[in-house]
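Read through the structure below, which is laid out as structure tokens, and then see the notes.
The values are calculated or read from the model by the stated rules, or taken from the named source; none is laboratory data. Keep in mind that what you see is a predicted model, and the values were worked out from it rather than measured. Glycine also receives a Cβ, built like all others from the backbone with ideal geometry; neighbour counts cover every protein chain displayed. Heads up: the accessible areas ignore ligands, DNA and RNA and are worked out on the full protein's heavy atoms, side chains in. Shrake-Rupley method; radii C 1.70, N 1.55, O 1.52, S 1.80 Å.
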Amino acid sequence: MRISVPYVGHLWVALRALAARSGLELVEPPRPSQHTVSLGVRHSPEWMCFPFKVVLGSFIEAIERGADTIVMAEGPQLCRLGYYARLHEQILHDLGYTHVRVLTFNWQEEQILGFARFLRSILGKERPWKEIVGHLKHGLEQLVLMEDVEKRVHYLRPRARDWREVNLIWQVAGPRISAALTGQELREVRRQLLAELEAVDLDPRADPLKVGFLGEFILVIDPFFNLDLEDELGRRGVEIVRSSWIAGWAKIWLFMEMLGLSHGQEIKKAARPYLKRDVSGEGLQTIGETVLHAQEGFHGIIHIQPFTCLPEIMAQNILPQVLRDHDIPVLEIIIDEQTAKTGIITRLEAFVDLMQRRRIREALAARRNS
Amino acid sequence: MRAYLGVDVGSVTTKLVLLDENDQLLERLYLRTLGRPIEVIQEGLAELGRRQPQHLEVVGVGTTGSGRYLAGVLVGADVIKNEITALAVGASQYVPEVQTIIEIGGQDSKIIILRDGVAVDFAMNTVCAAGTGAFLDQQAYRLSLRIEDFGPLALKAKTPVRIAGRCTVFAESDMIHKQQMGHRVEDIIYGLCQALARNYLNNVGQGKDLRPPVVFLGGVAFNQGMVRAIQEALGMPVIVLPYHEVMGAIGAAILAREQMSLNGATTRFRGFEASRAACRASSFECKACPNLCEIVQVRIGRKVMARWGGRCDRWELKEEVPDG
Amino acid sequence: MIRVGIPQALLYYQYYPMWQAFFQALGAEVVVSPPTARPTVEAGLARMVAETCLPVKVYGGHVCHLRELGVDCVFVPAIRATEPGLFNCSKFLGLPDLIRATVEDSSPLLEIDIDVGQGRGALQRAIYRLGWPFTWNPLHIRKAALAAWEAHLGFQALMRERKLTPPEAIEGSGGEGHALDSRCLPDTGSLVIAVVGHPYCLYDSYINHNLLGRLRRMGVRVITPEMAPAQGLEMGIRRLARFKYWVYEAEVTGAAGYYLEDPAVDGVIAVVVFGCGPDSTMLDVVQRAARRQEKPYMGLVLDEHTGEAGLVTRLEAFVDMIDRRKSARGSWEAGSMEKRRECA
């Protein structure tokens, strides 16, 4: 079996190590590119979510590199995501890749134990449980480290004298974390990366804007999908705060929601006056996070979503009510295969200007009143 | 000599043809509709009448295109058929083994799949102009190019530029941006052709089993840049037939011939003199219900020949035009 | 008497007799908005984000209209699951919240969450909560619920046995539907075309430009998902998609799977809406199945910009295509073309 998994977020940082540690034959698809998008769009239903199309393109590229098995999530109540695997399978078979198997895993029902079982079934039943748990633990720790570094990067980029210094560290973080195959190596990498980040030269006068970056999960966590917006914002003096993280998601889906996720409950409570029910995807979170960020004094919200994303359309319709009660500017960014980055950057720059001017105006007004 | 008249009234161009009994082309006209369908049809009819020898007898008339009902009333049609059927019939005449017909017209685009000479599947895109001829015209104008020069210039491209193809407005902004960055015109316009070809295949061609021989019809087939772009995108050779731009009208005339030989009735053709008939269209808003439909009424002389535009049948005439 | 408004949109076509029976049994007067017309659509378009699918916008327009009719409240259910494990589109999941946020001047909403996945007890409690404004007597509410269920089963049976569409069946049972425009109801010797899709796409003659009426006028016998046996639809889903995912999958994937196999059906038209998430997945599955089956198939995608001319052209082309294919196969006499022309 030569397995491929979608290239989403930092998943492959952990997967490369898994392959090296366990001997599993994983085929890494190339980083998504315009070519991936063209491939996927060609064979996808017209108004299917953008992530579906890119993942399909990615699978085709992986198959061309020798993969014969695809692993995908499946299961009810995952918005359209739960339907992906079935469609992908049909499309790939119709394209002639009839030798390809699609293995699916039902997150909601199986959770962490189920995932461990799933992993064991792929690696082979003779592998001891201790090994399986070890792999899982290591993978999760790598993802957690990756995201701890990323959070730090979000903090440092707008404050550094030269954001390029931060980006240099960030660019090699993935490969270095991937290369750490034992717990000890990982701890060493953590120590080094955090030290390097602390050593970045900061501008003491920096006073970044604080912005909530929220919306559909895959677009929030993956720089290809969000057109590297986090980097673009950091360079323009904006600190990004996110609530969607793969390790965080892993905690929700692989463990139970009760474990240390009061933040999830807090978000639901904040959303209640406007949206009482879960509408799948991140719809409820978008509303709740916007309320919380407004209360926390953030300067703005960037709401990013794929074209025709159902839960986010619900959020778009409900946000105006929220904004009537909470004065915070929101920039809606809708992405699909036709989106040109230039247009988005123009809007982004205008939005950053808008937030800066608001801040100045509020400061002046406060000074006048005191 | 007996002949059959075919009229294809599209939103951008109007085509008229005369075929003989063996479906051979006698005359063809390719005119710009320019928003005046009634005048263009009459002008076309008059011109054909002028060109015809006295002994020519029109024994069957077929109309097609978005203005097929209007033309049918004006000219006196025996068969009024949609463009898909007409194109399939027309193209099969010239390429009997054709499997795929690609048509990119002024304001819409179509794809037709044929097997064993019969259409088995089709798709149309009437939503957006970003995949159609009108858009190319617009860009040629903006770049001060004649549309006839567009094709040859596009073929000179060395490194085509990628243009965002979502819609005409966005594509145009993107093209302007690329020009301002210094890209060469030929690279930009070939990039545009590629965007159109991509759009076409992703929308209209989505999910279709495309097999050769592929025939490329419609006015846009004059544009060699588009022909190459479509070929590249398809990965198959593409046949551009002579008379590709009037194939719909040819198909309509063939359908008229089929129909007339089937039932041996006399033609409803109103004669080439119909080009002189006082034909007027007028419209009014119906106030009978909240829908407020806009009703269009066509009169020849004093007689109301047809009405369209209503959601219910309150305004439709009792005597209906044949639909073959 | 409390006046309860029910919008003639979305799930009206599936559940109206049920809801009508429930509220009437509780002593309320049920008021239905009139069929969709241009002002309805415009009212909806003005209030919702453009990406929102058309049927939901139309629903918003109907809620607006109900306020003008002077109702005391509008019934807006949130249908989350009709079977355990199924999933409904986000718009249905949060419909009451959506209406509250976009139609701010609507009458108060009467909400209920229907989630069969939460168990019988939760469902019963939800129904009792729905009945509170009308009576405190739980037995009375229970009786109303049972009457509602009876009405629902009767409605489904009526459509299946008498081959009626929902508006026709509602009209017959004293409801407020409007019969389809059909100048000619052929039922012998004509082409048989199955139309599949959500009821709010198939039976709203405004948004689909009187699709069924036009087909009938062309001399086509139209059959619908509601006319198929329930097991047939389930099998259709299993055949095409392995397992059921969407709450409203039966009427698209299921019906397509069923009618594509039916030799008596000459062609299948799937009517879906641009921007409908579930439809984007189902349409692809159906399209692939149709290709494998080699049955004439056409997907019609509607939105608020759908031009009538384009729709008419496609319908004509489709019917022509099936006709010509049949003649090419020699199984259709030339006289049939005459028969159809007479009808028009």
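Mind checking whether some residue in the stretch B:172-182 is buried (at least 17 other Cβ atoms within 10 Å of the Cβ) and closer than 22 Å to B:Gln231 by Cβ?
No: zero hits.
Can you tell me which residue within the stretch C:145-184, out of those that are part of a helix (DSSP H, G or I) and basic (Lys, Arg), is modelled with the highest pLDDT? Walk me through it before giving the result.
Of the residues in the stretch C:145-184, the ones part of a helix (DSSP H, G or I) are C:145-162, C:166-172.
From what's left, basic (Lys, Arg): C:160, C:162.
Values: C:Arg160: 92, C:Arg162: 89.
Looking at the filtered set, the residue picked out is C:Arg160.
Among the residues that make up the stretch C:185-207, is at least one of them within 14 Å of chain A (Cβ to nearest Cβ) and at pLDDT 95 or above? Before the answer, list the steps.
Quick first cut of the stretch C:185-207, residues within 14 Å of chain A (Cβ to nearest Cβ) only: none.
Checked the stretch C:185-207: no residue is within 14 Å of chain A (Cβ to nearest Cβ) and at pLDDT 95 or above.
Is there any pair with a first residue in the stretch C:48-71 that is assigned by TED's automatic domain parsing to the domain that holds C:Ala101 and a second that is part of a helix (DSSP H, G or I) and open to solvent by 30 Å² or more (accessible area, probe 1.4 Å) whose Cβ atoms are under 6 Å apart and which are 6 or more apart or on different chains, and what are they?
C:Lys57/C:Leu45; C:Gly60/C:Arg47
So in the stretch C:263-276, with the set limited to residues that are open to solvent by 20 Å² or more (accessible area, probe 1.4 Å) and over 16 Å from the mean Cα position of the chain (by Cα), which one is farthest from the other protein chains (Cβ to nearest Cβ)? Talk me through it step by step, then tell me what you get.
Keep residues of the stretch C:263-276 that are open to solvent by 20 Å² or more (accessible area, probe 1.4 Å), which gives C:263-264, C:266, C:274.
Next, only the ones that are over 16 Å from the mean Cα position of the chain (by Cα) stay: C:263-264, C:266.
On the way: C:Pro263: 17, C:Ala264: 19, C:Asp266: 13 Å.
Ranking the qualifying residues of the stretch C:263-276, first place goes to C:Ala264.
Based on what the data block shows, is B:Leu210 closer than 26 Å to B:Asp8 by Cβ, within 14 Å of chain C (Cβ to nearest Cβ) and either in contact (Cβ under 8 Å) with a residue 60 or more places away in the chain or assigned to a loop (DSSP other than H, G, I, E, B) (or both)?
Details: closer than 26 Å to B:Asp8 by Cβ: yes; within 14 Å of chain C (Cβ to nearest Cβ): yes; either in contact (Cβ under 8 Å) with a residue 60 or more places away in the chain or assigned to a loop (DSSP other than H, G, I, E, B) (or both): yes.
Judged against the criteria, B:Leu210 is a match.
Which residues, counting only those in the stretch C:217-262, are charged (D, E, K, R), part of a loop (DSSP other than H, G, I, E, B) and more than 14 Å from every other protein chain (Cβ to nearest Cβ)?
Looking only at the stretch C:217-262, we keep the residues that are charged (D, E, K, R), and these are C:217, C:221, C:226, C:234, C:238-239, C:242, C:244, C:249, C:251, C:261-262.
Next, from what is left, pick out any that are part of a loop (DSSP other than H, G, I, E, B): C:242, C:244, C:249, C:261-262.
Scanning the stretch C:217-262 gives C:Glu261, C:Asp262.
Assess whether B:Asp116 counts as being at positive phi and either away from chain A (no Cβ under 12 Å) or of a type in the set (Ser, Thr, Tyr) (or both).
Details: at positive phi: yes; either away from chain A (no Cβ under 12 Å) or of a type in the set (Ser, Thr, Tyr) (or both): yes.
The answer is yes for B:Asp116.
Out of the residues in the stretch A:265-315 that are more than 9 Å from chain C (Cβ to nearest Cβ) and part of a loop (DSSP other than H, G, I, E, B), state the one that is nearest to A:Gln356 (Cα to Cα).
Checking each candidate, the answer is A:His299.
Given the criterion under 26 Å from C:Ser33 (Cβ atoms), in contact with a helix residue (DSSP H, G or I) (Cβ under 7 Å, 6 or more places away or on another chain) and surrounded by fewer than 20 Cβ atoms within 10 Å (Cβ to Cβ), identify the matching residue among C:Asp279, C:Asp303. Lay out the reasoning, then the answer.
Values: C:Asp279 fails: surrounded by fewer than 20 Cβ atoms within 10 Å (Cβ to Cβ).
Among C:Asp279, C:Asp303, only C:Asp303 is under 26 Å from C:Ser33 (Cβ atoms), in contact with a helix residue (DSSP H, G or I) (Cβ under 7 Å, 6 or more places away or on another chain) and surrounded by fewer than 20 Cβ atoms within 10 Å (Cβ to Cβ).
Please specify each residue of the stretch A:49-86 satisfying the condition of being closer than 17 Å to A:Val27 by Cβ, of a type in the set (Gly, Ala, Ser) and within 13 Å of another protein chain (Cβ to nearest Cβ).
Listed by number, the list holds a single entry, A:Gly57.
Yes or no, residue by residue, for (1) of a type outside the set (D, E, K, R); (2) touching a helix residue (DSSP H, G or I) at 6+ places or on another chain (Cβ under 6 Å):
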position	(1), (2)
A:Leu197	yes, yes
A:Lys210	no, no
A:Leu233	yes, no
A:Arg236	no, yes
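Does C:Thr36 satisfy the criteria of being more than 25 Å from C:Asn208 (Cα to Cα), within 20 Å of the chain's Cα centre (by Cα) and in contact (Cβ under 8 Å) with a residue 40 or more places away in the chain?
Details: more than 25 Å from C:Asn208 (Cα to Cα): no; within 20 Å of the chain's Cα centre (by Cα): yes; in contact (Cβ under 8 Å) with a residue 40 or more places away in the chain: yes.
Taking the combined requirement at face value, the residue does not satisfy it.
Could you tell me which of the residues A:Arg347, A:Arg357 is within 14 Å of chain B (Cβ to nearest Cβ), out of contact with any Lys or Arg (no Cβ under 6 Å at 6 or more places or on another chain) and not aromatic (Phe, Trp, Tyr)?
Numbers: A:Arg357 fails: within 14 Å of chain B (Cβ to nearest Cβ).
Answer to the selection: A:Arg347.
Hey, which of the helices (runs of 4 or more DSSP H) in the stretch A:1-110, taking only ones fully inside, have at least 3 residues that are open to solvent by 20 Å² or more (accessible area, probe 1.4 Å) and under 20 Å from A:Ser121 (Cβ atoms)?
Working: elements: A:11-22, A:34-43, A:50-64, A:81-94.
Once the helices (runs of 4 or more DSSP H) in the stretch A:1-110 are filtered for at least 3 residues that are open to solvent by 20 Å² or more (accessible area, probe 1.4 Å) and under 20 Å from A:Ser121 (Cβ atoms), what remains is A:11-22.
Quick one: would you say C:Phe318 is over 17 Å from the mean Cα position of the chain (by Cα) and away from chain B (no Cβ under 12 Å)? Lay out the reasoning, then the answer.
Values: over 17 Å from the mean Cα position of the chain (by Cα): yes; away from chain B (no Cβ under 12 Å): no.
Judged against the criteria, C:Phe318 is not a match.
Can you pull out every residue in the stretch B:1-59 that is assigned to a strand (DSSP E or B), open to solvent by less than 50 Å² (accessible area, probe 1.4 Å) and within 15 Å of B:Gly271 (Cβ to Cβ)?
B:Ala3, B:Tyr4, B:Leu5, B:Val7, B:Leu16, B:Leu18, B:Val58, B:Val59
Whether any residue in the stretch C:33-50 is in a loop (DSSP other than H, G, I, E, B), away from chain A (no Cβ under 14 Å) and surrounded by 22 or more Cβ atoms within 10 Å (Cβ to Cβ) is what I want to check. Steps first, please.
Initially, the stretch C:33-50 is screened for residues in a loop (DSSP other than H, G, I, E, B), giving C:33-37, C:48-50.
Subsequent filtering for residues that are away from chain A (no Cβ under 14 Å) retains C:33-37.
Among the residues that remain, those that are also surrounded by 22 or more Cβ atoms within 10 Å (Cβ to Cβ) are: C:33, C:36.
Yes, some residue in the stretch C:33-50 is in a loop (DSSP other than H, G, I, E, B), away from chain A (no Cβ under 14 Å) and surrounded by 22 or more Cβ atoms within 10 Å (Cβ to Cβ).
Which numbered condition trips up B:Gly218, out of (1) within 14 Å of chain A (Cβ to nearest Cβ); (2) surrounded by 17 or more Cβ atoms within 10 Å (Cβ to Cβ)?
Failing condition for B:Gly218: (1).
Every residue in the stretch B:219-230 that is farther than 14 Å from B:Tyr200 by Cα and under 18 Å from the mean Cα position of the chain (by Cα), please.
Correct list: B:Gly219, B:Phe222, B:Asn223.
Table: residues versus (1) more than 14 Å from every other protein chain (Cβ to nearest Cβ); (2) over 23 Å from the mean Cα position of the chain (by Cα).
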{"site": "C:Phe92", "(1), (2)": "no, no"}
{"site": "C:Arg100", "(1), (2)": "no, yes"}
{"site": "C:Glu111", "(1), (2)": "no, no"}
{"site": "C:Asp115", "(1), (2)": "no, no"}
{"site": "C:Ala126", "(1), (2)": "no, yes"}
{"site": "C:Asn137", "(1), (2)": "yes, yes"}
{"site": "C:His140", "(1), (2)": "yes, yes"}
{"site": "C:Ala148", "(1), (2)": "yes, no"}
{"site": "C:Gly154", "(1), (2)": "yes, no"}
